[in-house]
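Just so it is clear, none of the values below were taken in a lab; they were calculated from the coordinates. It should be emphasised that the depicted structure is a prediction, and the values quoted were computed from it without experimental measurement. With ideal geometry, Cβ positions are generated from the backbone for all residues, glycine too; neighbour counts draw on all protein chains shown.
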Amino acid sequence: MKESFVQWAESIVPWLLVHGPRIVLIIVGAWLLNKISRKLIEKTVRLAVRSEDFSSPEAEKRRKDTLIHIFALTLRVVILTLAVLMLLQELGLMIGPMLAGAGIVGLAFGFGGQYLIRDVISGLFIILENQYRIGDVVKFGGTAGLVEDISLRRTVLRDLDGTVHYVPHGEIKAVSNLSKSFSRVNLDIGVAYGSDIERVAATVDRVGRELAEDPAWRALIITAPRFVRVQDLADSAVVIKVIGDTQPLKQWDVAGEVRRRILAAFALEGIEIPFPQRVVHQAKRP
């Protein structure tokens, strides 16, 4: 037993003396290269990417952070792949036949690979055209949510229920960005047919101005919510349109506060918000 251990030690020690420093150098070099490349990518993106017109500093920061994340993730995968191949070679494995075999397997799965290529190409256009960024709220068909992560192949969304959706870029036909540059409060509010529309409009405009001047809400509002028009003559109500512009992603908070204040203001002004009514005529018996 002792002799076998000595023989094993005599064989492994020379190997460690030759290949051990190389293995350590590959690991440390890959780690350092990943750190340096991350810093270089971050500085390059922040210097090279120009601000878009009418884009807020927060939106530009999200755009740059998204580009940095994608480029750094892609380069990290490349560095890790090269490091693993070099380590396998140091361990005595012939990577040439392995790469050739991988090429054959790649040809065998070429039909499926076309979907991967489609996803990557679509992802490149999404990134270059700045269609959306991490932190935006977007809608793809019937799927909507907050963008939590983007890679070249897929986007990760989390909806209001907390459900996470993984959407391949090749499956995205149309993108609706709910938070680019600015957002909008868009409300339809019903009032009774007997209401004075001029009074209703003045009340809505006053509520919007007061909200826009409120220190707690001022920073979120670009254009004060205001009466726009009579939107519809419904069965039980005159529907009015209320519109105002907000900072990105703040439209839901502002809309909720507008509804609350309009409800209180209408109650003070005696303006009725009707509920659906139905008139039933009973036939007289002969």
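For the range 183-269, take N as its residue count and report Rg(C-alpha) divided by 2.2 N^0.38 Å.
Working: Rg = 12.6 Å, N = 87, 2.2 N^0.38 = 12.0 Å.
Cα-based Rg divided by the globular estimate yields 1.05.
Determine the shape class of the range 223-263: with a ≥ b ≥ c the square roots of the Cα gyration tensor eigenvalues, call it rounded for a/c under 1.5, and otherwise prolate if a/b is greater than b/c, oblate otherwise.
It comes out prolate by the Cα gyration axes.
Take Lys64, Lys139, Lys35, Lys180 and order them by how many other Cβ atoms sit within 10 Å, fewest up front. The partial results should precede the final answer.
Details: Lys64 18, Lys139 14, Lys35 10, Lys180 23.
Sorted ascending by nearby Cβ count, the order is Lys35, Lys139, Lys64, Lys180.
Most exposed first by the Cβ proxy, i.e. fewest other Cβ within 10 Å, how do Arg62, Arg76 rank? Present the calculation step by step, with values, prior to reporting the outcome.
Values: Arg62 21, Arg76 15.
So the residues, fewest neighbours to most, are Arg76, Arg62.
Which of the residue pairs Lys139/Lys173; Lys139/Lys241; Lys35/Lys61; Lys64/Lys250; Lys43/Lys64; Lys64/Lys173 have a Cα-Cα distance greater than 18 Å in the structure shown?
Lys139/Lys241; Lys35/Lys61; Lys64/Lys250; Lys64/Lys173
Taking neighbour Cβ counts within 10 Å as the exposure measure, how do Leu178, Leu116 sort from fewest upward? If you can, show how the numbers build up before the last one.
Numbers: Leu178 17, Leu116 14.
So the residues, fewest neighbours to most, are Leu116, Leu178.
Taking H as built 1.01 Å from N, whose amide H comes closer than 5 Å to the amide H of Arg154, not counting residues under 5 places away?
Close amide H contacts, sequence-distant or interchain: His169.
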